[in-house]
Amino acid sequence: MFTGIIKHTGKILKILKKRKGFELHLDSKIKLSNKNIGTSISINGVCLTLEKIKNKRLFFFISYKTFEITNFKKIQINEKVNIERSLKYGDEIAGHFVQGHIDTVGKITSIKKREKTWTMDIVVDKKYSQFLVNKGSIAINGVSLTIVKVISNQFTLVIIPHTLKLTNIISLKNKDTVNIEFDIVIKYLSKLKK
């Protein structure tokens, strides 16, 4: 479980195809040691297990299923990714509960820069419209954000300078694909309605 409050980023060094999936090699200034091997780390909002650390390089395994439903299949070498350590009991919940289970990907349809703040529109498949709620929480590449407007299957976000400074959102462009995890509370409530 995570909060979506990103304090670290990393750089993709390699993605190697393996027999049962892919091996991700990552460079980051996040402080991790061998005692963290086996722990869950959010990489661009995807909950992955830290498998090893070698020469300050972090190694993660990505299953074929995870690779297919996330933006990892479009990610490039040297691209910046958001990193978050899993929650510990007693940690502050400043964002919202993020599981690291990506529901789908969205496509950026518009980015407007007003002074130091960005307004971003993202579209998802129409079957996910039920999870889009005005003033509801959503995780984009693992970043906890608030939806400010919904029109059918498109939603608008306002990203403040502090978030832009600490995350890879600042490097996103129009038509880019982002990982999306809908708010767990909205998903459960939607299930109860059926």
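Which residues, taken from the range 154-169, are of a type outside the set (Ser, Thr, Tyr) and touching a strand residue (DSSP E or B) at 6+ places or on another chain (Cβ under 8 Å)?
Answer for the range 154-169, where residues must be of a type outside the set (Ser, Thr, Tyr) and touching a strand residue (DSSP E or B) at 6+ places or on another chain (Cβ under 8 Å): Gln154, Phe155, Leu157, Val158, Ile159, Ile160, Pro161, Leu164, Leu166, Asn168, Ile169.
Would you check which residues across the range 41-67 are polar (S, T, N, Q), in a strand (DSSP E or B) and more than 14 Å from Ile102 (Cβ to Cβ) and list them? Quick ask: steps written out before the conclusion?
If we filter the range 41-67 for residues that are polar (S, T, N, Q), which is where we start, we get 42, 44, 49, 55, 63, 66.
Now drop any that are not in a strand (DSSP E or B), which leaves 42, 49, 63.
Of everything in the range 41-67, just one residue is polar (S, T, N, Q), in a strand (DSSP E or B) and more than 14 Å from Ile102 (Cβ to Cβ), namely Thr49.
Quick check on my filter: what residues within the range 144-177 are closer than 25 Å to Gln76 by Cα, among the β-branched types (Val, Ile, Thr) and in a loop (DSSP other than H, G, I, E, B)?
The one that is closer than 25 Å to Gln76 by Cα, among the β-branched types (Val, Ile, Thr) and in a loop (DSSP other than H, G, I, E, B): Thr167.
Can you tell me which residue among Ile53, Ile62 is farther than 20 Å from Ile147 by Cβ, surrounded by fewer than 18 Cβ atoms within 10 Å (Cβ to Cβ) and aliphatic (A, V, I, L, M)? Please lay out each step first, then the result.
Values: Ile62 fails: surrounded by fewer than 18 Cβ atoms within 10 Å (Cβ to Cβ).
None of the others qualify; the one that does is Ile53.
Only one of these conditions is not met by Val98: (1) of a type in the set (Val, Ile, Thr); (2) under 28 Å from Lys65 (Cβ atoms); (3) surrounded by 14 or more Cβ atoms within 10 Å (Cβ to Cβ); (4) in the same structural domain as Leu166 (by TED's automatic domain parsing). Which number is it?
Val98 satisfies all of (1) of a type in the set (Val, Ile, Thr); (2) under 28 Å from Lys65 (Cβ atoms); (3) surrounded by 14 or more Cβ atoms within 10 Å (Cβ to Cβ); (4) in the same structural domain as Leu166 (by TED's automatic domain parsing) except (4).
Identify all residues within the range 110-134 that are more than 8 Å from Asn153 (Cβ to Cβ), free of Cβ contacts under 8 Å to residues at least 40 places away in the same chain and among the basic types (Lys, Arg); write none if there are none.
Answer for the range 110-134, where residues must be more than 8 Å from Asn153 (Cβ to Cβ), free of Cβ contacts under 8 Å to residues at least 40 places away in the same chain and among the basic types (Lys, Arg): Lys112, Lys113, Arg114, Lys127.
The values are calculated or read from the model by the stated rules, or taken from the named source; none is laboratory data. This structure is a prediction, so every number in the text was calculated from the model and none was measured. We place every Cβ from the backbone using ideal geometry, glycine too, and count neighbours over all the protein chains shown.
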